[in-house]
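Participant: Attaching a single structure in structure tokens format; questions to follow.
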Amino acid sequence: MGLSLGPSVSNSFARFAYALVLPGMQEDLSLNFSQAGALNTANALGYLLGALLTRLLVQSWGNRHLFNRGMVLTAFALCLTGFVQDLYLLSVCRLLGGIGGAAIFICGGALASNIAPNDPQWSMRCITIFFGGAGVGLVLCGLLIPWWMASQGSRAWPQTWLAMGVVSWIMLAVTYLASKQIDEPISAKGSADWALKPLLPAFVAYVGFGLGYIVYMTFIIAWLKAIGASSMQMSIVWSVLGLSTLLAPLIWSKPIANWPNGRAMSAILFVLSLGALLPVIPFEPAWQTLAMQCSAALFGLGMFSAPSSISALIKRTQQKPAWGSAMATFTIAFAASQILAPVASGMMADWSGSLRWGLALSGLIILFSASIAWFQKDQKPG
């Protein structure tokens, strides 16, 4: 649970809180949807670079060292975002946050996989708790950011980033102490070599997951604002998303641990696709609010459970020294898939005058990925 504050920093603050701050940034900086998408593309590019660096350095530096360095870089980037307003400098801050966030996500997942290594049930629970830890940050953001932005106005967005940076430094102290108590996976006996081909269905499905989910997490608050939602409704939707993320380990720990092949991942992606498609269904106004809350609940249940299922698959099929490298490779593809999706969806919105079509396409991509994941088969470690 201490280690799980890492995803709160890397994902809830450095990646997803952008959706909550975006309406204020758009108004204050006069950003169109293409520019707004480009800022999240910069973050995705940083995530890709971070995954590549992690893949290169993990065998020599170790998961713990890279995890802690990633926490420092991400906390620094969040604070820096509060002091710049130029679009290019903001892109640099988003890039740095992505680089650090990738190291946190990859190496933290490898460390979490090595908690209770001789108890499969507890081990899977630890993996899902780690990735679900982002829910803490999502709830904090959902409760505070819409209220703060509504009360202070659009010009308050720099203070919002600075506040998240300060909280990240506090969380860093907790994650540093937690990481010291976990054995380094790469020090275990066995081979660090592994093959991608047997894991190809899960790999392709994970790419599709990246393409689809980043569009939802970039523009869902902008979509709520476009359909006339109040700040309170935005706060509730985002908080439901975070609470659902926290509850996800209770629902998915056993399926991830016990269901063979890619069945758990397929089920997770199916639930995620339902959450992604609900917002674009033209409900009556009286039902729209409930539909958005259901969407957030379903999306939260699947959002970090998909990476959990990948970590579990890698743990089942690879030897310990290969965990960090394999997870980094999956994350490289995952990050690459997110580079063009936000800006492409933003351009589609600028062209069509609505975010509906980009959100609908993202949900269909996740649904297709769920069908691909079903064909993943297990293999013996090594």
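The values are calculated or read from the model by the stated rules, or taken from the named source; none is laboratory data. Here the structure is a predicted model, which means the values were calculated and not measured. Side chains included, ligands, DNA and RNA excluded: accessible areas come from the protein's heavy atoms. Shrake-Rupley method; radii C 1.70, N 1.55, O 1.52, S 1.80 Å.
Participant: Kirkwood Rh, Cα Rg: Rg to Rh for the chain?
Facilitator: 0.95
Participant: Return one whole number: the accessible area per residue of the chain in Å², for a 1.4 Å probe. Working shown, then result.
Facilitator: On the way: 14710 Å² over 382 residues.
On a per-residue basis, the chain sits at 38 Å².
Participant: Sticking with this structure for a sec: Are any of the pairs Lys180/Lys254; Lys320/Lys377; Lys225/Lys254; Lys225/Lys377 more than 31 Å apart by Cα-Cα distance, and if so, which?
Facilitator: Lys225/Lys254; Lys225/Lys377
Participant: Another one. Restricting to Cα pairs below 8 Å that are 6+ residues apart, what does the relative contact order work out to for the chain? Please round to a whole percent. Intermediate results must be reported in sequence, preceding the final value.
Facilitator: Numbers: 779 pairs, mean separation 109.7, N = 382.
So the answer I get is 29 percent.
Participant: May I ask you to list the aspartates and glutamates whose Cα is less than 15 Å away from that of Lys197, ignoring any residue fewer than eight positions away on the same chain?
Facilitator: Here the aspartates and glutamates satisfying the reach criterion relative to Lys197 are Asp378.
Participant: Share of the range 271-382's accessible area from carbon and sulfur, percent, 1.4 Å?
Facilitator: The nonpolar share, carbon plus sulfur, comes to 75 percent.
Participant: Looking only at Gly353, Gly262, Gly210, which one moves most when the chain is put into a Gaussian network model with springs between Cα atoms under 10 Å?
Facilitator: Comparing Gly353, Gly262, Gly210 in a Gaussian network model of the chain, the most mobile one is Gly353.
Participant: Also, quick follow-up: Please find, in a Gaussian network model of the chain (springs between Cα atoms separated by less than 10 Å), the residue of Trp161, Trp357, Trp323 whose mean-square fluctuation is greatest.
Facilitator: In the Gaussian network model the winner is Trp357.
Participant: Moving on to the next point. Roll a 1.4 angstrom probe over the protein heavy atoms and tell me the percent of accessible area of the range 73-195 that is carbon or sulfur. Write out the running numbers ahead of the final one.
Facilitator: Working: 3570 of 5330 Å².
Carbon with sulfur: 67 percent of the solvent-accessible area.
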